[in-house]
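Colleague: Got a structure here, written out as structure tokens. Questions coming.
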Amino acid sequence: MLQGLMGPLFRRLGQELIRAGHRVHKVNFNGGDRAFWRLPNGIEYRGTLDEWPAFFAQLLRDKGITDVTLFGDCRDYHMPAIRLCREMGVPVHVFEEGYIRPDWVTLELGGVNGHSSLPRDPQWYRETAAALPPVPPHARVTASFRRRAVEGLLYNAADVLTRRWYPGWSNHRPWHPVVEGMGWWRKLRRRKEREVDAVELLARLEAADEPYFLFPLQLDSDAQIRLHSPFAGIADALRLVICSFAAHAPAGTRLVVKEHPLDNGVRDWRQVTADMAALFGVSERVDYLGWGDIVAVTHGSRGVVTINSTSGTFALAAGVPVVVLGHAVYDVPDLTCQNGLDDFWCSPVAPDAGTFAAFRRVLIEQCLIPGGFFSEEALEKVVRHAVARLEGRPIAPE
């Protein structure tokens with residue numbers, strides 16, 4: 001195991017794999033990794049990023065590693081590790097937050113999104129799904145934002161307090177944990193104000209009955225932006241989307257920019273959005289939604305613009321037209337609009353329901369497992385199904 005999610009996921013998975021008779025090793029790159037592992041066979045890596053590939057190749061040989069598991073295939077230490085595993089014939093199992101949420105997580109062989117081996121041929125999905133049995137019965141799971149926040153805080157605190165013992169540690173996130181903490185403090189301090197603004201905006205949209213498009217923002221630090229899209233960051237994407245909206249969207253339509261619920265508040269995206277809208281002369285037609293569930297605002301939209309967010313699959317499931325600006329596993333003809341962003345504003349085409357059902361069925365079969373990460377019920381379910389998937393067993397009914 002390499003780096004996991006901030007929290008107990010890999011410790012719990014390690015425990016179950018050990019109980020099942022497997023030999024498990026975990027590489028810890030910082031004090032946060034170590035704090036959440038607390039099992040035998042922890043390997044403390046204190047070298048540099050440049051020294052990591054040689055260390056990892058030797059580790060694979062010395063320990064007789066047959067499989068590697070990690071969370072996120074675009075982290076600085078994970079990308080060279082995946083290349084080495086490919087050269088040495090070692091399977092890599094990649095965890096990510098699910099292509100389809102909230103009751104599924106991704107566990108895909110080889111890579112996710114732009115690195116996924118899944119094809120972009122709608123007919124392949126229809127034919128493959130037709131040969132599969134129905135999805136086993138599946139119960140919804142709960143999630144706690146408070147739990148996620150506490151686990152993140154504990155991880156970052158352990159990282160900061162032990163930096164001198166990991167001199168070579170290179171964080172894939174662009175901000176120091178203290179900077180992120182200050183951003184969260186500023187954001188949470190204004191929570192009530194942001195909630196009131198959001199409720200008022202949603203009420204105005206419903207009362208005015210004006211058609212609007214939705215652009216859900218992703219995290220600026222997300223590797224899916226930096227490596228699986230043409231953008232250097234969210235600001236570049238905002239500029240492109242608002243410029244295209246101003247030039248091509250029909251008069252009388254609006255654009256709603258939705259803040260990511262896990263944005264750390266380091267950058268004021270509301271102000272960036274307002275500046276871009278003013279630059280392109282559409283300040284009166286662009287709204288910013290800083291809080292709230294994406295469900296209602298997606299259902300009411302005329303279409304969703306996404307880079308490669310999982311909000312795209314939610315929109316597709318709801319029958320809402322989607323256009324993709326990056327590399328997304330669901331950017332498939334008959335599902336998403338293929339004529340580009342400029343055309344999308346005037347000609348948003350709804351996804352084919354049968355193709356999406358087939359696509360969803362294949363995803364569940366090949367790269368999704370039931371559960372979540374941020375409640376005991378959800379974590380127990382993910383671990384149980386992850387062990388089954390790693391051992392080559394099918395997903396069992398709940």
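Please treat every number below as a calculation from the coordinates, not as lab data. Computed from a predicted model, the values in this text were never measured in an experiment. Here Cβ is always computed from backbone atoms with ideal geometry, including for glycine, and neighbour counts include all displayed protein chains.
Colleague: How big is the dipole moment of the range 194-356 about its Cα centre under a simple scheme where the beta carbon of each Lys and Arg is +1, that of each Asp and Glu is -1, and everything else is neutral? Debye, nearest 20, please.
Modeller: Working: 10 positive and 21 negative charges, 37 e Å.
My answer is approximately 180 debye.
Colleague: Same structure, new question: Can you list the HN-Hα couplings for the range 65-76, worked out from phi with the Karplus curve (6.51, -1.76, 1.60; θ = phi - 60°), rounded to whole Hz and with x for Gly and Pro?
Modeller: 5, 9, 8, 10, 10, 8, 10, x, 8, 10, 5, 4
Colleague: Which one, Leu84, Gln366, Thr162, is farthest towards the positive end of the dipole of the chain when Lys and Arg carry +1 and Asp and Glu -1 on their Cβ?
Modeller: Going by the charge dipole, the pick is Thr162.
Colleague: Could you order the peptides 214-220, 235-241, 119-125 from most to least packed, using the average number of other C-beta atoms within 10 Å per residue? Write down the numbers at each step before the final one.
Modeller: Details: 214-220: 22.9, 235-241: 18.4, 119-125: 15.9.
Result, highest mean first: 214-220, 235-241, 119-125.
Colleague: What do you get for Rg/Rh of the range 204-269 when both radii come from the Cα atoms and Rh is the Kirkwood radius? Let's see the in-between values first.
Modeller: Working: Rg = 13.6 Å, Rh = 13.3 Å.
Looking at the range 204-269, the ratio lands at 1.02.
Colleague: Give me the Å³ per residue figure for the convex hull around the C-alpha atoms of the chain.
Modeller: 142
Colleague: Now, a different point. With each run of n ≥ 4 DSSP H residues scored as -39500 (n - 2.57), what mean residue ellipticity at 222 nm is computed for the chain after dividing by its residue count and rounding to the nearest 500 deg cm²/dmol?
Modeller: -13500 deg cm²/dmol
Colleague: Could you work out the relative contact order of the chain? I mean the mean sequence separation of Cα pairs under 8 Å and 6+ apart, divided by the number of residues, in percent.
Modeller: Details: 651 pairs, mean separation 83.9, N = 398.
It rounds to 21 percent for the chain.
Colleague: Which whole-number percent is the relative contact order of the range 162-276 (Cα, under 8 Å, 6+ apart)?
Modeller: Values: 78 pairs, mean separation 42.3, N = 115.
The normalised contact order for the range 162-276 reaches 37 percent.
Colleague: Which of the listed residues, Ala54, Ile225, Val286, is farthest toward the dipole's positive end in the chain, when Lys, Arg count +1 and Asp, Glu count -1 at the beta-carbon?
Modeller: Of Ala54, Ile225, Val286, it is Ala54.
Colleague: Also: Near Lys192, which lysines are there with a Cα under 18 Å away, not counting those fewer than 8 places off in the same chain?
Modeller: Excluding near neighbours in sequence, the set is Lys258.
Colleague: Right, next: Based on the Cα gyration tensor of the range 194-356, what are the three equivalent ellipsoid semi-axes, each the root of five times an eigenvalue, rounded to whole Å and given largest first?
Modeller: Numbers: eigenvalues 91, 70, 51 Å².
Working through the eigenvalues yields semi-axes of 21, 19, 16 Å.
Colleague: Taking every Cα atom in the range 81-145, find the radius of gyration and the maximum pairwise distance Dmax, and write them in Å.
Modeller: That works out to 15.1, 40 Å for Rg and Dmax.
Colleague: Moving on to the next point. Top mean-square fluctuation among Phe55, Phe374, Phe314, Gaussian network model of the chain, C-alpha springs under 10 Å?
Modeller: Highest fluctuation among the options: Phe55.
Colleague: Name the residue from Gln3, Ala129, Leu118 whose Cα lies farthest towards the positive end of the charge dipole of the chain, charges +1 on Cβ of Lys and Arg and -1 on Cβ of Asp and Glu.
Modeller: Gln3
Colleague: Count charges around Asn41 for me, please; just the other residues with Cβ under 10 Å from its Cβ, Lys/Arg as +1, Asp/Glu as -1. Intermediate results must be reported in sequence, preceding the final value.
Modeller: On the way: positive: Arg23, Lys26, Lys63; negative: none.
That works out to +3.
Colleague: Same structure again: Label the range 1-155 by shape, choosing from rounded, prolate and oblate, from the square roots a ≥ b ≥ c of the eigenvalues of the Cα gyration tensor; if a/c is under 1.5 it is rounded, and otherwise prolate applies when a/b is larger than b/c, oblate when it is not. Walk me through the numbers on the way to the answer.
Modeller: Numbers: a/c = 1.83, a/b = 1.29, b/c = 1.41.
Oblate, because a/c is 1.5 or more while a/b does not exceed b/c.
Colleague: Roughly how big is the chain's charge dipole about its Cα centre, with Cβ charges of +1 (Lys, Arg) and -1 (Asp, Glu), in debye to the nearest 20?
Modeller: 1280
Colleague: Any idea what diffusion coefficient the range 177-219 gets from Stokes-Einstein, in µm²/s, Kirkwood Rh on alpha carbon pairs, 4 °C, 1.567 mPa s? Before the final figure, lay out each step's value.
Modeller: Details: Rh = 12.7 Å.
Approximately 102 µm²/s, per Stokes-Einstein.
Colleague: Figure the gain on full extension for Arg23 and Ala208 (residue separation times 0.36 nm, minus the Cα-Cα span) and round it to one decimal in nm. Working shown, then result.
Modeller: Working: separation 185, 0.36 × 185 = 66.60 nm, distance 6.09 nm.
Once the chain is fully extended between Arg23 and Ala208, it gains 60.5 nm.
Colleague: Assuming R0 = 41 Å, can you tell me the calculated FRET efficiency for the pair Ala157 and Leu109, based on Cβ-Cβ distance, to the nearest 0.05? Display every interim value, and only then the final one.
Modeller: Values: r = 34 Å, r/R0 = 0.83.
Given R0 = 41 Å and the Cβ-Cβ separation, E is 0.75.
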